[in-house]
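S.K.: Below: one structure in structure tokens.
The values are calculated or read from the model by the stated rules, or taken from the named source; none is laboratory data. Computed from a predicted structure; not experimentally measured. A quick note on method: Cβ atoms are made from the backbone with ideal geometry, for glycine too, and the neighbour counts reach across all protein chains shown. Accessible surface is based on the protein model in full, side chains and every heavy atom, while ligands, DNA and RNA are left aside. Shrake-Rupley method; radii C 1.70, N 1.55, O 1.52, S 1.80 Å.
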Amino acid sequence: MRIALLQSSGRPGSVVENLKVLDEAAGRAAAAGAGLLIAPEMFLTGYAIGDDVARLAEPADGDSADAVAEIAGRHGLAVAYGYPERSGEVVFNSAQLVSADGTRLANYRKTHLFGCFERDHFTPGEQPVVQAELDGVRVGIMICYDVEFPENVRAHALAGTDLVVVPTAQMHPFQFVAESMIPVRAFENQMYVAYVNRVGREGEFEFVGLSTLAGPDGVARTRAGRDEDLVLADVDPALVVASREANPYLTDRRPGLYGSLV
């Protein structure tokens, strides 16, 4: 399955404009043969938008979700994207996966909130592993800071995730996460990790780009630079199977020794 990583901050504060950016990227990705387009964390609204987080938050099945489903169906590819999700009186930092026919497959709420900004505006999610089947690939979802906790990614590995998509708002000076940690996470958990970042300055934050897809061998299949970009790479389920057979990390675990960690 070919996937496309949309490295862009869109137009912070404008859902309408961000849907246009997503639509244009979906067209380019589909023309290049992609079956899945991944957009960054909080892509629909922008990340550094202050109190507009609450104002622009929508339900998982709201108008913006319908618009993304229409884009996915019209271009014939699945779409994963970040957005602020309203559920009653609370707001989650969420990411949703929509199939190529516009069906909502999975919705994930960020479990580990980063910094004062996120803790002031969001409620943390409580479900660490959210998955869906997509073209023979078991896809899991995490958001940004979540992937920096090894327990989170290992939970996906034990649940059989082949590809974990990670919409991200990775900022300076933490670019080592994209450069070094993501390939290691992919290798130690024997899966693909798609880390898709924002780029440029928003408010007090400077997003560093460097979106990447790393394989179960720890090799980056593609890596964007520091500017807006759309990069593509392939996910091969057969490589995941072969790599897990060759690499004994998951089978050599001794869970009885790790009880003190929790």
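S.K.: Given the condition touching a Gly at 6+ places or on another chain (Cβ under 6 Å), over 20 Å from Ala57 (Cα atoms) and at pLDDT 95 or above, answer yes or no: does some residue in the range 5-19 qualify?
M.R.: yes
S.K.: So, of the residues in the range 231-262 that are hydrophobic (A, V, I, L, M, F, W, C) and more than 28 Å from Ala29 (Cβ to Cβ), which turns out to be farthest from the chain's Cα centre (by Cα)?
M.R.: Leu257
S.K.: Within the range 225-235, count every residue that is among the charged types (D, E, K, R) and either in a strand (DSSP E or B) or crowded, with 23+ Cβ neighbours inside 10 Å (or both).
M.R.: Within the range 225-235, residues that are among the charged types (D, E, K, R) and either in a strand (DSSP E or B) or crowded, with 23+ Cβ neighbours inside 10 Å (or both) number 2.
S.K.: Working only within the range 188-208, note down all residues that are without any contact (Cβ under 8 Å) to a residue 40 or more places away in the chain and crowded, with 16+ Cβ neighbours inside 10 Å.
M.R.: Of everything in the range 188-208, just one residue is without any contact (Cβ under 8 Å) to a residue 40 or more places away in the chain and crowded, with 16+ Cβ neighbours inside 10 Å, namely Val208.
S.K.: Among the residues of the range 118-136, write down those that are open to solvent by 60 Å² or more (accessible area, probe 1.4 Å), closer than 13 Å to Tyr108 by Cβ and not acidic (Asp, Glu).
M.R.: Gln127, Gln131
S.K.: What tally of residues in the range 176-219 results from selecting those that are in a loop (DSSP other than H, G, I, E, B) and not aliphatic (A, V, I, L, M)?
M.R.: Residues that pass the stated criteria total 11.
S.K.: For residues that are in contact (Cβ under 8 Å) with a residue 40 or more places away in the chain, more than 15 Å from the chain's Cα centre (by Cα) and over 20 Å from Val98 (Cβ atoms), scanning just the range 137-185, find the one that is surrounded by the fewest Cβ atoms within 10 Å (Cβ to Cβ).
M.R.: Ranking the candidates gives Glu151 first.
S.K.: Here's something else I'd like to know. Hey, can you tell me all the residues within the range 236-262 that are open to solvent by less than 60 Å² (accessible area, probe 1.4 Å) and either touching a Ser or Thr at 6+ places or on another chain (Cβ under 6 Å) or in contact (Cβ under 8 Å) with a residue 40 or more places away in the chain (or both)?
M.R.: Pro237, Val240, Ser243, Asn247, Leu250, listed by residue number.
S.K.: Are there any pairs, at least 6 apart or on different chains, whose C-beta atoms fall under 8 Å, with the first in the range 18-47 and without any contact (Cβ under 8 Å) to a residue 60 or more places away in the chain and open to solvent by less than 20 Å² (accessible area, probe 1.4 Å) and the second of a type in the set (Ser, Thr, Tyr) and assigned to a loop (DSSP other than H, G, I, E, B), and if so, which?
M.R.: Asn18/Thr45
S.K.: Still on this structure, I have one more. Checking Gly50 against (1) farther than 20 Å from Thr103 by Cα; (2) open to solvent by less than 40 Å² (accessible area, probe 1.4 Å); (3) modelled with pLDDT of 95 or more, which test does it fail?
M.R.: Answer for Gly50: the failing condition is (3).
S.K.: Exactly one of these conditions fails for Thr222: (1) in contact with a helix residue (DSSP H, G or I) (Cβ under 9 Å, 6 or more places away or on another chain); (2) part of a strand (DSSP E or B). Give me its number.
M.R.: (1)
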